[in-house]
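Read through the structure below, which is laid out as structure tokens, and then see the notes.
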Amino acid sequence: MCRAIDVAAYILNEKGRLSGYQLQKLLYYCQAWCLVTQDRPLFPEPIRAWEHGPVVYEVARAHRGRRSVVARDIDADPLALSAEDQVLVDAVLESYSGMSGDELEALSHSELPWKESYNGQTGIASNTIPTDLIKSYYSDLMCGNSDVAESHHVPRFPVSPKIVVSDDDFEWLESIL
């Protein structure tokens, strides 16, 4: 599993210069969609609910004090991502491309995981956004109608997401095939 800082370096290599807000929110959405489509986290670091939205503290520390960030500003390995992870991140970047940091902040603030997790604190005193809450919320978005999916920028993944079915449903499907 790669580190969040490696994912950040990959994002910056693909997008060029980004604001810290943009980078942090894109990291959050990459983690969310990996939880949904791959049933695993993309990186192990927790995501915290800060005043301006979801933040990976370890990455924020690496770009602290900069108004904008480029890949050379952080010490990380963008090649640490597997090919599968690169495909996922590329789909997320395509879906959220063109959104400013303020727009990404507003979107994340409108969504349940940040709303339920924000405790009024920023930094290490802030709450962690639980991965099970992230996975549940974005799974519902992925299964929602097209208007909901479009308004929340649900990515279009080039491969089918994993589908989990019960043994009874599997037997039924198998019987009709």
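Residues of the stretch 71-85 that are of a type outside the set (Val, Ile, Thr), in contact with a helix residue (DSSP H, G or I) (Cβ under 8 Å, 6 or more places away or on another chain) and assigned to a loop (DSSP other than H, G, I, E, B): 75, 76, 77, 81.
Residue-wise test of (1) open to solvent by 30 Å² or more (accessible area, probe 1.4 Å); (2) not polar (S, T, N, Q).
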site	(1), (2)
57	yes, yes
78	no, yes
100	yes, no
111	no, yes
145	yes, no
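Looking across the stretch 31-55, the residues that are assigned to a loop (DSSP other than H, G, I, E, B), within 17 Å of residue 1 (Cβ to Cβ) and open to solvent by 20 Å² or more (accessible area, probe 1.4 Å) come down to 39, 40, 41, 44, 45, 46.
Quick check on residue 133: is it closer than 24 Å to residue 89 by Cα, open to solvent by less than 70 Å² (accessible area, probe 1.4 Å), modelled with pLDDT of 95 or more and touching a strand residue (DSSP E or B) at 6+ places or on another chain (Cβ under 9 Å)?
Working: closer than 24 Å to residue 89 by Cα: yes; open to solvent by less than 70 Å² (accessible area, probe 1.4 Å): yes; modelled with pLDDT of 95 or more: yes; touching a strand residue (DSSP E or B) at 6+ places or on another chain (Cβ under 9 Å): no.
Criteria not met by residue 133.
Do we have any residue at all in the stretch 120-127 that's surrounded by 12 or more Cβ atoms within 10 Å (Cβ to Cβ), of a type in the set (Ser, Thr, Tyr) and at pLDDT 85 or above? Within the stretch 120-127, one or more residues are surrounded by 12 or more Cβ atoms within 10 Å (Cβ to Cβ), of a type in the set (Ser, Thr, Tyr) and at pLDDT 85 or above. Summed over the stretch 59-69, residues that are exposed (fewer than 15 other Cβ atoms within 10 Å of the Cβ) and among the aliphatic types (A, V, I, L, M) total 0.
Can you tell me which of 83, 91 is over 21 Å from residue 58 (Cβ atoms) and surrounded by fewer than 14 Cβ atoms within 10 Å (Cβ to Cβ)? Spell out how you get there, then give the answer.
On the way: 91 fails: surrounded by fewer than 14 Cβ atoms within 10 Å (Cβ to Cβ).
On inspection, the qualifying residue turns out to be 83.
Taken over the stretch 5-26, the criterion of being more than 16 Å from residue 153 (Cβ to Cβ), of a type in the set (Ser, Thr, Tyr) and either at pLDDT below 95 or surrounded by fewer than 19 Cβ atoms within 10 Å (Cβ to Cβ) (or both) is satisfied by 19 alone. Restricting 161, 155 to those that are open to solvent by less than 40 Å² (accessible area, probe 1.4 Å) and either of a type in the set (Asp, Glu) or at pLDDT below 95 (or both) reduces the list to 155.
The values are calculated or read from the model by the stated rules, or taken from the named source; none is laboratory data. It should be emphasised that the depicted structure is a prediction, and the values quoted were computed from it without experimental measurement. Please note: Cβ atoms are built from the backbone with ideal geometry, for glycine as well, and neighbour counts cover all protein chains shown. Remember, those area values only see protein heavy atoms, side chains included, never the ligands or the DNA or RNA. Shrake-Rupley method; radii C 1.70, N 1.55, O 1.52, S 1.80 Å.
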